[in-house]
Amino acid sequence: MLREKLMSASDTNCAKGIYILHLTLASTTRVHVGRLGRIGFSAGYYAYVGRAFGPGGLFARLNHHRRRAASPHWHIDFLRPHGVLEKIWWGCTSPTCEHSWAQGLMKLRGASMPVRGFGSSDCRCESHLIRLARRPRRAAFRYHLRRLSADCSPTIRCLPIEGPPPP
Ligand SMILES: [Zn+2]
């Protein structure tokens, strides 16, 4: 089902790319996040940027995030079970674009990076987890992304995952 959705929605049978998980936390939660330790997350709307260029590409990775990981590997795996994964945005572009995507989210009004180093152990970004004041609009995100880097601004697809459909 997920594979069909991914493949039918793709431009050129793209199997690798960048994605954003849209996670809502209903209440303030303290979570142990691997080496980052125990962290308090306030209730609200979070967007996490990742890249899927390994074996299995986007399909394997998005499938991984869709479920609640039994043995957490990435920082987001620790936070994921505490929220509702409403949807995933994804696009076919190069691996280095994930940093531009994080910057693009930060351009949205009310955006912040509450946890330094979250998901960005292997890059120079402050964080790949962005807290948003409200649900972002894809058009607004793409507007900022295009201004940051046209090369990193492909068509962005949306895959609904859990809960009520986003407005
Ligand atoms: Zn980065």
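The values are calculated or read from the model by the stated rules, or taken from the named source; none is laboratory data. Given the structure is predicted, the values throughout are model-derived calculations rather than measurements. Cβ: placed from backbone, ideal geometry, glycine included. Neighbour counts: every protein chain shown.
Determine which member of the set Leu21, Leu25, Leu108 is buried (at least 23 other Cβ atoms within 10 Å of the Cβ) and closer than 23 Å to Arg137 by Cα.
Leu21
Table: residues versus (1) at negative phi; (2) modelled with pLDDT of 90 or more.
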| site | (1), (2) |
| --- | --- |
| Gly117 | no, yes |
| Arg142 | yes, yes |
| Ser149 | yes, yes |
| Glu162 | yes, no |
| Pro166 | yes, no |
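Of all residues in region 98-109, how many are more than 10 Å from the ligand (Cβ to nearest atom) and modelled with pLDDT of 95 or more?
5
Do we find a residue being closer than 15 Å to Ile18 by Cα, within 16 Å of the ligand (Cβ to nearest atom) and of a type in the set (A, V, I, L, M, F, W, C) anywhere in region 83-92?
No; the residues of region 83-92 include none that is closer than 15 Å to Ile18 by Cα, within 16 Å of the ligand (Cβ to nearest atom) and of a type in the set (A, V, I, L, M, F, W, C).
Taking into account only those residues within region 123-150 that are over 19 Å from His22 (Cβ atoms) and within 16 Å of the ligand (Cβ to nearest atom), which is surrounded by the fewest Cβ atoms within 10 Å (Cβ to Cβ)?
This residue is Arg124.
Which condition from (1) part of a helix (DSSP H, G or I); (2) closer than 19 Å to Leu85 by Cα is the one that Arg35 breaks?
(2)
Considering only residues that are surrounded by 13 or more Cβ atoms within 10 Å (Cβ to Cβ) and not in a helix (DSSP H, G or I), look in region 50-64 and name the one that is nearest to the chain's Cα centre (by Cα).
The qualifying residue nearest to the chain's Cα centre (by Cα) is Gly50.
For region 67-80, indicate whether the set of residues that are assigned to a helix (DSSP H, G or I), aliphatic (A, V, I, L, M) and within 14 Å of the ligand (Cβ to nearest atom) is non-empty.
yes
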